[in-house]
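Peer 1: Following this message is one structure expressed as C-alpha cells.
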Amino acid sequence: MNYQKFELKNGLQLYVHTDKTTEMAVLNVLYRVGSRNEIPGKTGLAHYFEHLMFGGSQHVPSFDTAVERVGGECNAFTNTDITNYYISLPAVNIETAYWLESDRMLSLNLQEKTIENQREVVIEEFKQRYLNQPYGDAMHHVRELAFEKHSYQWPTIGKELADIENFTEADVADFYQSHYVPNNAILVVAGNIEASEALTLAEKWFGDIPARKMSKDAPPTEPVQCKKKTRTVQSDVPTDALYKVYHIPGRLMPGYLEADLITDVLGFGRSSLLEKKLVSNTDVFASCRAYVLGSIDPNLLIISGKMEKGHNAEDAEILLDQVIEEFKQSTISPKVLQKVKNQADAMKTYESVHLLNRAMKLAYYAHLGSPELYEEEYERKLKIKGETIIQTARELMTDENSSVVYYKRKTEDLAHTA
Amino acid sequence: MVNRSIAPGFKIPEQIAFTQPTKRTLKNGVPLYFISTPHLDVVKIEVIMPNNHPDYSPMRGLIPFFTLNMLLEGTHELTSDELDDFFDYYATEVEIVSGFEQQGLSLLTTKKHFREVLPVFRSLFTEATFPEKELAKRKSQKKLTIAIQQEQTGARANQLIRKALFGEMHPFGYISDEAHVDAVNRDAIKGYYATNFCVAPEIFVTGHITDREMQEIENQFNDLPFGEETSTSPSFETFDGKRITDLRPQSLQSSIRLGKILIPKSHSDYNALMVFNTTLGGYFGSRLIKNIREEKGYTYGISGLLGSLRSTDYWMILADVKKGFAEAAIDEVYKEIKLLAEVVLEKEELETVRNYMIGHFLSQFSNPFDLMGRFKKIHLQGLDYTYYEDQLRYIKSFDPSDILRIGKKYFDEESIKEIIVGA
C-alpha cells in the first residue's frame with residue numbers, strides 16, 4: 001500500500017494514502033487510548049468518551065449534521081488499546097472533515113446534557129450487546145478470571161453498569177485533557193487526494209492545536225500465572241459453553257506471531273483441527289474456534305465452543321485437552337503450513353478492497369510503530385517453522401497457564417427458584 | 001490562525017458514473033455479467049437462482065436451507081473433509097446464498113488460485129452427495145441456532161414482525177422450529193437438489209481475469225443443466241390484529257418492531273418513500289435517532305428500513321429499548337411520522353437529507369464489488385439502471401411537499417403492525 005508520512009510540530013502524525021480510482025476520501029483519526037488506560041471503578045470510560053466526541057465542539061453545534069450536510073458518513077470504535085474515528089465523504093469535501101476533527105480535538109463541548117444523555121445511551125448499549133444476550137457476558141467472566149492486575153480484566157464496554165452510572169463531569173473532562181492531544185493521535189487521509197494537499201490542510205487545521213505533556217501511566221503488569229483457574233457461571237442459555245484461555249505475549253513481543261499461528265492451525269476455517277476433531281467427529285461440540293486477542297500488552301489465546309444439548313462443559317474440556325495434547329506432540333505438515341501462508345496472503349488482498357479498511361489498517365500499524373510492520377510481520381510469519389509453532393504451544397498451552405469458564409445452562413431446579 | 005467559525009465550502013457531486021457490467025450468454029443460455037477489477041487480484045463468482053419452492057409448507061420450510069448448507073459436505077469426488085482442506089488450502093471462501101428469494105453459491109478467491117478452485121466450485125452444483133453423518137450434525141447445529149434465536153429478544157422480534165406482515169405460509173414470514181428440523185431428510189434434500197436447485201441461474205463475475213480465464217468460466221458452466229422456474233411468487237397474508245407481544249419479565253430491554261407492507265421499487269412513489277424513510281429513521285441524523293436516542297435516551301439505536309422482495313417491498317422500524325419504555329418509544333415513532341406528514345421540512349434539514357443521500361449514493365458505487373452489488377440489487381428485481389438515474393434525479397430535486405403526501409398516503413397509524421418482545 002502506498003503512503004507518505006509527515007509529522008506536524010505539535011507531534012501529530014499524518015499518513016496519506018492516495019487512490020485516484022475512487023471519488024471518495026476517508027479521514028481517520030486514531031487516539032492511543034482505550035480501556036487499557038482505565039482504572040478499577042472507572043471502567044468503560046474510554047468507550048463512553050467516544051460517544052461524547054459526537055456531542056459537538058466550540059464551532060460545530062452538531063457534528064453528525066455537519067458531516068451529513070456535505071454528503072458524508074462517520075463512526076468510531078474503541079477497543080482495549082485505541083479509539084478510532086473516521087469520516088467517509090466525497091473527496092471534494094475532504095476539508096470539512098479536517099475542520100470537524102480538528103475542532104473536536106481542540107475544544108470539545110462537554111455539556112451536561114450530552115454527558116447525561118450519552119450515559120443513558122451507553123447503558124442501553126451495554127444491555128443490548130452484553131447483558132440481554134445469551135452468552136453475552138462470557139468475555140466479562142473470562143477477562144475477570146484470567147487477569148488479576150492488568151486492565152485487560154474488563155471489556156471495553158466496562159466491568160459493570162455502575163461504573164457508567166457513576167462517571168462525573170470531572171472524570172470526563174480529565175480524560176479529554178489527558179488523552180485527546182495531537183501528540184497522542186495519528187491522522188490518516190486516504191482516497192482521491194494528493195499528499196501535498198493533505199499536508200497543507202493538516203497544517204492549516206491541526207497545526208495550531210497545542211501539544212500537551214501526557215502522563216504515560218502504564219497499566220499494572222500482569223503477574224505470571226502459576227495455577228489453573230476456573231469459574232462456573234449459571235445462566236438461562238440453551239446449552240453449555242466452554243471458554244479456555246491461555247496467557248500469550250503482547251502484539252509486538254517475541255512469541256506473539258507463533259501464538260497467532262497456533263490459532264490459525266487449531267481454529268481457523270472448516271479444515272481446522274478443532275473443527276474436524278471436536279465438531280465434525282464428536283456429538284459434544286456444536287461449534288469450536290480459537291483466536292488471539294492481539295492486544296499491545298500480554299493478552300490471551302482463546303478457545304471457545306458451544307456444547308450440543310445434553311453435554312456439559314466439563315466433559316467438553318476433557319475432549320478439548322486431548323486434542324491440545326495431541327497437537328503438542330504432533331508435527332505440522334508442510335501442507336498445513338502452506339495453507340496458513342496462502343490464507344495470510346489472500347487476506348492481504350481481500351482486506352485491500354475497501355478504502356476505509358486501508359485507511360484503518362494504515363492507522364493501526366502506524367500506532368504499532370510503522371505501517372511497514374504490516375509487510376514485515378507477514379514476512380516474519382511466513383518464515384516461522386512448524387517445530388517452532390509446536391514448541392510455542394508446549395510452552396503456552398499448559399494447565400497452569402490456563403483459565404477456564406464453564407458457562408452452564410441453568411438446571412430446571414435453579415430456574416424455578418430464580 | 002485559521003478561522004474555525006467559518007465552515008469550509010463544499011460541493012455536491014453532479015454526476016455519478018453508473019458503470020454497468022458487460023453481459024454475455026453461455027451456450028446453455030445462462031447469462032453472465034462481468035465487472036473487471038484491474039487493480040485487485042481477486043475473483044468473485046456468484047451463481048444465483050430464484051429460491052424455487054413450488055410445494056412450500058412450513059414442515060418443508062427448511063429443505064432449501066439444508067440443501068444449500070449440505071453442498072460443501074461432500075461430492076462424488078471429494079469428501080466433506082477433503083473439500084474443506086481444498087478450499088482452505090487455496091484460501092478460498094465458498095459462501096452459501098440461502099435467502100428468502102434467492103439461492104446459490106458464491107466463490108471468493110485470489111487470481112493466483114482461481115484456476116485450481118474453479119472446477120471444484122463447479123462440481124458443487126451437480127455432484128453433491130448429502131451424506132447422513134454430516135446431515136445429522138447440521139441438524140443438531142441448526143436446532144441450537146433456533147434455541148439461541150428464541151432467547152434473543154431482537155431475533156425473536158424480527159421473526160414476529162415478518163410473520164405479522166407476511167404470515168407463516170410465506171417463506172419470509174415463516175419461523176422454523178425443531179420439528180421442522182426433524183422433518184428434513186436426505187431424500188427430500190436430494191429431491192430438491194435434483195429439481196428445484198439449478199433453476200434459471202445467472203452468473204455474476206467480479207475480478208481481475210483475462211479472456212482465457214473467462215473462457216474457462218464459460219467452459220465450466222456451459223454444461224450446467226438447469227430447469228425452468230416453476231414457482232410463482234407466494235402470496236402473503238398479513239396479521240389481522242394490531243400487535244403481537246411476547247412478554248419476558250426477566251428481560252432487561254424490550255425489542256420493538258413496527259412495520260407494514262409497502263409498494264414495490266417500480267412504483268412511482270418509491271423514491272419519495274425512500275426519502276421519507278431516510279428522514280424518519282434511515283440515517284444517523286434522522287428524526288427517530290434525534291428524538292428517541294439523543295433526546296430521550298431510550299435506546300442505543302433505532303432505525304427505519306425499506307426491505308425488498310420481488311413481489312413487494314416492506315417498511316420496518318427496529319429498536320431495543322429500555323425496560324418499561326416500549327409504549328413510550330412506539331408513541332414517539334407515531335408522533336414523528338405525524339410530524340413528517342403534517343409539517344413541511346425546513347430548509348436546513350432538507351439540505352442535510354438531500355446531501356447525505358447523494359453522498360451515500362456515491363459511496364455505494366465506489367468500488368467494483370459495490371458496483372456489482374448495486375447491479376444485482378436492481379437486476380434481480382427486474383429493473384435497470386434508469387432506476388438509479390431516476391432516483392438520483394429525484395433526490396436532487398424533490399419538492400418537500402412530496403414528503404407530506406407520502407406520510408399521509410402510506411403511514412396511517414391503524415395500518416402499522418407492532419411487535420414487543422421483552423419486558
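The values are calculated or read from the model by the stated rules, or taken from the named source; none is laboratory data. Bear in mind the structure is a predicted one, so any value in this text is a computation, not a measurement. Counting neighbours? That spans all protein chains shown, and the Cβs are built from the backbone with ideal geometry, glycine included. The accessibility values were calculated without ligands, DNA or RNA, using every heavy atom of the protein model including side chains. Shrake-Rupley method; radii C 1.70, N 1.55, O 1.52, S 1.80 Å.
Peer 1: For region A:125-140, give me the residue count where each residue is touching a Leu at 6+ places or on another chain (Cβ under 9 Å), within 7 Å of chain B (Cβ to nearest Cβ) and surrounded by 19 or more Cβ atoms within 10 Å (Cβ to Cβ).
Peer 2: So the count comes out to 3.
Peer 1: A further question on this structure: Go through region A:36-63 and give me each residue that's more than 14 Å from every other protein chain (Cβ to nearest Cβ) and among the acidic types (D, E).
Peer 2: Hit for region A:36-63 is A:E38, nothing else.
Peer 1: Does region A:230-237 contain at least one residue that is assigned to a helix (DSSP H, G or I), farther than 22 Å from A:Y365 by Cβ and modelled with pLDDT under 95? Lay out the reasoning, then the answer.
Peer 2: So in region A:230-237, the residues assigned to a helix (DSSP H, G or I) come out as none.
The answer is no, given that none of the residues of region A:230-237 is assigned to a helix (DSSP H, G or I), farther than 22 Å from A:Y365 by Cβ and modelled with pLDDT under 95.
Peer 1: A further question follows. Determine which member of the set B:S36, B:S123, B:S98 is touching a residue at least 12 places away in the same chain (Cβ under 8 Å), away from chain A (no Cβ under 14 Å), surrounded by fewer than 18 Cβ atoms within 10 Å (Cβ to Cβ) and in contact with a helix residue (DSSP H, G or I) (Cβ under 8 Å, 6 or more places away or on another chain).
Peer 2: B:S98
Peer 1: Name the pairs: first residue in region A:302-318 and over 11 Å from A:Y407 (Cβ atoms), second residue among the polar types (S, T, N, Q), Cβ to Cβ under 7 Å, at least 6 apart or on different chains?
Peer 2: So the pair list comes out as A:E308/A:T239; A:E308/B:S140; A:K309/A:T239.
Peer 1: Can you tell me which residue among A:A286, A:A259, A:A346 is in contact with a Ser or Thr (Cβ under 7 Å, 6 or more places away or on another chain), part of a helix (DSSP H, G or I) and at the interface with another protein chain (Cβ under 9 Å from one of its Cβ atoms)?
Peer 2: Testing whether each residue is in contact with a Ser or Thr (Cβ under 7 Å, 6 or more places away or on another chain), part of a helix (DSSP H, G or I) and at the interface with another protein chain (Cβ under 9 Å from one of its Cβ atoms) leaves just A:A346.
Peer 1: Output the residues belonging to region B:259-269 that are open to solvent by less than 10 Å² (accessible area, probe 1.4 Å) and free of Cβ contacts under 8 Å to residues at least 60 places away in the same chain.
Peer 2: Matches in region B:259-269: none.
Peer 1: Which one of B:E73, B:E82 is within 14 Å of chain A (Cβ to nearest Cβ), under 26 Å from the mean Cα position of the chain (by Cα) and at pLDDT 95 or above?
Peer 2: Of B:E73, B:E82, the one residue that is within 14 Å of chain A (Cβ to nearest Cβ), under 26 Å from the mean Cα position of the chain (by Cα) and at pLDDT 95 or above is B:E73.
Peer 1: May I pose another question? For region B:276-283, does any single residue satisfy the condition of being surrounded by fewer than 20 Cβ atoms within 10 Å (Cβ to Cβ) and of a type outside the set (A, V, I, L, M, F, W, C)?
Peer 2: no
Peer 1: If you don't mind, another one. Going by what's in this entry, would A:A76 be described as crowded, with 22+ Cβ neighbours inside 10 Å, among the aliphatic types (A, V, I, L, M) and in contact with a strand residue (DSSP E or B) (Cβ under 7 Å, 6 or more places away or on another chain)?
Peer 2: No.
Peer 1: Right, next: Evaluate region B:8-22: report whether one residue or more is open to solvent by 40 Å² or more (accessible area, probe 1.4 Å), touching a Pro at 6+ places or on another chain (Cβ under 7 Å), under 14 Å from B:M214 (Cβ atoms) and more than 9 Å from chain A (Cβ to nearest Cβ).
Peer 2: There is no residue in region B:8-22 that is open to solvent by 40 Å² or more (accessible area, probe 1.4 Å), touching a Pro at 6+ places or on another chain (Cβ under 7 Å), under 14 Å from B:M214 (Cβ atoms) and more than 9 Å from chain A (Cβ to nearest Cβ).
Peer 1: So, one more: Tally time: how many residues in region B:310-368 are outside any strand (DSSP E or B), more than 28 Å from A:P90 (Cβ to Cβ) and at pLDDT 95 or above?
Peer 2: Residues in region B:310-368 being outside any strand (DSSP E or B), more than 28 Å from A:P90 (Cβ to Cβ) and at pLDDT 95 or above: 20 in total.
Residue by residue, here is whether (1) under 19 Å from A:D260 (Cα atoms); (2) among the aliphatic types (A, V, I, L, M); (3) assigned by TED's automatic domain parsing to the domain that holds A:K20 holds:
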residue	(1), (2), (3)
A:Q343	yes, no, no
A:A363	no, yes, no
A:L373	yes, yes, no
A:E377	yes, no, no
A:K381	yes, no, no
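Peer 1: On to the next question. Taking region A:107-121 on its own, how many of its residues are within 8 Å of chain B (Cβ to nearest Cβ) and in contact with a strand residue (DSSP E or B) (Cβ under 8 Å, 6 or more places away or on another chain)?
Peer 2: Residues in region A:107-121 being within 8 Å of chain B (Cβ to nearest Cβ) and in contact with a strand residue (DSSP E or B) (Cβ under 8 Å, 6 or more places away or on another chain): 2 in total.
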